[in-house]
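Written below as structure tokens is the structure these notes are about.
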Amino acid sequence: MSLYVIDDHPLVRQAIGMLLRRLRPASKVVELEKFSELQAAIIKNGAPELFVLDLLLPGVKGATAVSDIKGMYNEVPLVVLSAMPAGEAEETCIEAGADLYIEKSTGANEISAAIQGLFVADAATDEEAPGDTKLSKRQKQLILMLDRGLSNRDIATELNISEHTVKVHLWRLFRRLGVKSRTQTLHFARTHGLLMG
């Protein structure tokens with residue numbers, strides 16, 4: 001299994017590569033400068049376990065790289081690491097299929113924790129079928145917070161955790177329920193009796 005880092009900035013690419021090698025010493029880390037190199041790299045280096053890509057890649061418009069990758073490898077976690085502030089860019093990437101959006105200004109420890117959270121979530125999700133409603137206490141708490149209309153920042157403040165940790169928790173919840181958004185989560189929760197009242 002290989003981890004693919006796609007970023008046209010050599011320093012960022014190498015830093016993320018080093019971080020991933022520390023997180024997953026048994027996995028091969030493949031660093032690419034261009035999105036167009038990805039298919040050949042996968043043929044050469046093997047099945048992907050994770051994608052980390054820059055949003056602003058040469059020759060790629062908006063979040064098309066995200067939707068292209070997710071179209072081929074829907075089950076593989078994809079992290080967008082971007083210099084652009086979250087907000088509209090994050091929404092676009094999540095809608096295109098990204099699992100996490102991390103700003104490049106984020107500290108290395110927080111980036112590590114967020115990516116590590118995806119691997120832990122992935123291992124936990126493999127054991128349970130999507131749509132399984134055996135939720136952790138934290139996941140039930142998240143559903144209630146989503147129902148109250150809280151933003152990631154509000155949830156982070158209330159639970160005294162970082163926004164990236166909130167995103168990882170939400171990602172795990174979406175995977176567990178087999179949904180892709182907050183709206184679908186709430187619909188699932190209502191139709192399965194997870195929200196009383």
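The table below gives the values:
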{"quantity": "Some residue of segment 59-66 being in the same structural domain as L20 (by TED's automatic domain parsing), touching an Asp or Glu at 6+ places or on another chain (Cβ under 6 Å) and buried (at least 19 other Cβ atoms within 10 Å of the Cβ)", "calculated": "no"}
{"quantity": "Segment 81-107, residues that are hydrophobic (A, V, I, L, M, F, W, C) and either surrounded by fewer than 17 Cβ atoms within 10 Å (Cβ to Cβ) or in contact with a strand residue (DSSP E or B) (Cβ under 8 Å, 6 or more places away or on another chain) (or both)", "calculated": "L81, A83, M84, A86, A89, C93, I94, A98, L100, I102"}
{"quantity": "3 or more residues within 22 Å of G107 (Cα to Cα) and under 15 Å from the mean Cα position of the chain (by Cα): qualifying helices (runs of 4 or more DSSP H) within segment 139-197", "calculated": "163-177"}
{"quantity": "Filtered residue count, segment 38-63, keeping only those that are in contact (Cβ under 8 Å) with a residue 24 or more places away in the chain, within 13 Å of Y4 (Cβ to Cβ) and not in a strand (DSSP E or B)", "calculated": "8"}
{"quantity": "Pairs with Cβ under 6 Å, 6+ apart, first in segment 106-121 and under 20 Å from R175 (Cβ atoms) and in a helix (DSSP H, G or I), second modelled with pLDDT under 85 and among the aliphatic types (A, V, I, L, M)", "calculated": "A114/V168; G117/V168"}
{"quantity": "Criterion: at negative phi, modelled with pLDDT of 80 or more and surrounded by fewer than 18 Cβ atoms within 10 Å (Cβ to Cβ) - qualifying residue of K134, K140, K167", "calculated": "K140"}
{"quantity": "Flag if G71 is outside any strand (DSSP E or B), on the phi > 0 side of the Ramachandran plot and outside the structural domain of W171 (by TED's automatic domain parsing)", "calculated": "no"}
{"quantity": "First in segment 132-143 and over 16 Å from G178 (Cβ atoms) and charged (D, E, K, R), second anywhere and at pLDDT 80 or above and in a helix (DSSP H, G or I), Cβ under 7 Å, 6 or more apart", "calculated": "R138/H169"}
{"quantity": "Which listed residue is among the aliphatic types (A, V, I, L, M) and within 25 Å of E88 (Cα to Cα), from L32, L50, L3, L11", "calculated": "L50"}
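The values are calculated or read from the model by the stated rules, or taken from the named source; none is laboratory data. Every value quoted in this text rests on a predicted model; they were computed, and no experiment measured them. Cβ: placed from backbone, ideal geometry, glycine included. Neighbour counts: every protein chain shown.
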